[in-house]
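Structure, as structure tokens:
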Amino acid sequence: MVIAVQPRAHCAASVSATTLTTVRLPSLRHFGPHWYATVMGTAIVASAGAGLPVDVPGMTTACAVVWALSAAILAVVASARAAHWIHHRDQARAHLFDPTVAPFYGCLSMAVLAVGIGALTVGQDVIGESAAVAVAGTLFGVGTLIGLAASVVVPYLMVVRQRVAPGTASPVWLLPVVAPMVSASLGALLVPRLPAGQWREGMLLGCYAMFGVSLLATFVILPLVFSRLVHYGPLPLALTPTLFLVLGPLGQSTTAVNKLADVAPSAIPAPYADGLGAFAVIYGVPVTGFALMWLVLAAAMVTRAVRRGMPFTMGWWAFTFPVGTCVTAAESLARHTGLVALEWLATGLYVLLVAAWAVTGFRTLRGLYAGSLLVAPAPPLPVPSGEGPAGEAPASASEVPPAAPRSVPPAPPRVTARTR
């Protein structure tokens, strides 16, 4: 975007009146929905820090500052995205029909909901309880509607309008279906603040329904992602951080069932409430174990990619929110089981979260200042002969997928002239 401003000439010795001063502003044409990940990654630092089982001096104040920062980032990103839709509607529509970009529309819902969770866990000391409940309730309604819409619209477009090539399954596909799970976590915090009776029970069971929507959709998508890795090899270097997105539904589902179990006694009769409390531990412990296994696997793949020159992209924000959900999951299980090992796990994962957030945030600010994060994405490179998926040179011949046999059409029959 270029804005030309004509300066006012106050005297003949000054700059000529016909001189134009050109001010260059970064274009928003390529400002996609993936920028909402900055809000999610920042908000989870605040809400996860508020639930740590250790007492750190100044932690409450620091979390409040980070939550306020996430709310400010949400306002900026939402304004920029609105301007994108107004001035670059063709590009915005193209994003909806791009299978690599459309799933990021789930980030809008999760960004709104993450700030709403922070309003209740951290923001009460800043804006007061009544205001925090009002903000959280409003964001819950907006974020839930957007999340449920994205969980249906994005898969619908993938089936009907988009053309998804075989072997291109990506962890990014999980983004639109994780949003209802975040709604379940925020809804659990709102249950005690609703009138007793039908309102509380309706909210509780509605949150469990959204838990089921997200969980079963994850069960459908996750095998596709692992099958793609096994049959086609590692992801391209720039996409390797997205492997951490698998942690999102795992950690968020454990967080949701534990938070819902906390408020179940005030919403439904004792037999069901007791069962939900047991289910929170029975479900949460195995899923947390699988999440830790995937964390190690994803970390190994990222280490491999770094050694091969993994560039910085906005995909690095996958190191923040998904890890943060594992922190809140460990915190919730520690409260229900009293296991000290889970408290240490939550603390260790939170240190990892803060480090990832600091590094990714710094690199994002530097890329934003340089303008490299607002340019058009580079077109995919052709795959040269003897290289792996997406042009990544394999370390050994075992990484090269076998080439599909080319079918040669049969030669047409020879036609000879017939003489009388």
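The values are calculated or read from the model by the stated rules, or taken from the named source; none is laboratory data. The structure presented is a predicted model; accordingly, all values stated were derived computationally and were not measured. Cβ atoms come from the backbone with ideal geometry, glycine included; neighbour counts cover every protein chain shown. Protein only, heavy atoms only, side chains kept; ligands, DNA and RNA dropped before computing areas. Shrake-Rupley method; radii C 1.70, N 1.55, O 1.52, S 1.80 Å.
Of the residues in the stretch 231-246, at least one is out of contact with any helix residue (DSSP H, G or I) (no Cβ under 7 Å at 6 or more places or on another chain) and surrounded by fewer than 19 Cβ atoms within 10 Å (Cβ to Cβ). Here is the figure for the stretch 253-284: residues that are under 23 Å from the mean Cα position of the chain (by Cα) and either open to solvent by less than 10 Å² (accessible area, probe 1.4 Å) or among the β-branched types (Val, Ile, Thr) (or both) total 8.
Among 113, 69, which is at pLDDT 95 or above, surrounded by fewer than 19 Cβ atoms within 10 Å (Cβ to Cβ) and under 20 Å from residue 325 (Cα atoms)? Please lay out each step first, then the result.
Values: 113 fails: surrounded by fewer than 19 Cβ atoms within 10 Å (Cβ to Cβ).
When all the criteria are applied, what remains is 69.
Taking the numbered list (1) under 21 Å from residue 175 (Cβ atoms); (2) free of Cβ contacts under 8 Å to residues at least 60 places away in the same chain; (3) not in a loop (DSSP other than H, G, I, E, B) in turn, residue 274 passes all entries but (1).
Of the numbered criteria (1) in contact (Cβ under 8 Å) with a residue 12 or more places away in the chain; (2) open to solvent by less than 10 Å² (accessible area, probe 1.4 Å); (3) of a type in the set (Gly, Ala, Ser), the one residue 62 fails is (2).
Given the structure, is residue 288 surrounded by 23 or more Cβ atoms within 10 Å (Cβ to Cβ), part of a helix (DSSP H, G or I) and hydroxyl-bearing (Ser, Thr, Tyr)? No.
Screening residue 299 with (1) in contact (Cβ under 8 Å) with a residue 24 or more places away in the chain; (2) under 27 Å from residue 229 (Cβ atoms); (3) in a helix (DSSP H, G or I) gives one miss only, at (1). Which condition from (1) within 22 Å of residue 268 (Cβ to Cβ); (2) out of contact with any helix residue (DSSP H, G or I) (no Cβ under 8 Å at 6 or more places or on another chain) is the one that residue 185 breaks? Going through the list (1) within 22 Å of residue 268 (Cβ to Cβ); (2) out of contact with any helix residue (DSSP H, G or I) (no Cβ under 8 Å at 6 or more places or on another chain), residue 185 breaks only (2). Within the stretch 194-212, residues that are without any contact (Cβ under 8 Å) to a residue 12 or more places away in the chain reach partners that are open to solvent by 40 Å² or more (accessible area, probe 1.4 Å) and part of a helix (DSSP H, G or I) with beta carbons closer than 6 Å, at six or more positions or on different chains, in the pairs 194/200. Each residue in the stretch 213-230 was checked for being without any contact (Cβ under 8 Å) to a residue 40 or more places away in the chain and open to solvent by 70 Å² or more (accessible area, probe 1.4 Å), and 6 pass. Scanning the stretch 371-381 for residues that are open to solvent by 70 Å² or more (accessible area, probe 1.4 Å) and either touching a Gly at 6+ places or on another chain (Cβ under 7 Å) or at pLDDT 85 or above (or both) turns up just one, 381.
Only residues that are in contact with a helix residue (DSSP H, G or I) (Cβ under 7 Å, 6 or more places away or on another chain), hydroxyl-bearing (Ser, Thr, Tyr) and open to solvent by 30 Å² or more (accessible area, probe 1.4 Å) were counted across the stretch 124-167, and they come to 0.
The criterion of at least 2 residues that are in contact (Cβ under 8 Å) with a residue 24 or more places away in the chain and under 20 Å from the mean Cα position of the chain (by Cα) is met, among helices (runs of 4 or more DSSP H) falling completely within the stretch 75-192, by 89-96, 106-121, 129-160, 175-190.
Check whether at least one residue in the stretch 193-208 is polar (S, T, N, Q) and surrounded by 15 or more Cβ atoms within 10 Å (Cβ to Cβ), and report yes or no. No, the conditions are met nowhere in the stretch 193-208.
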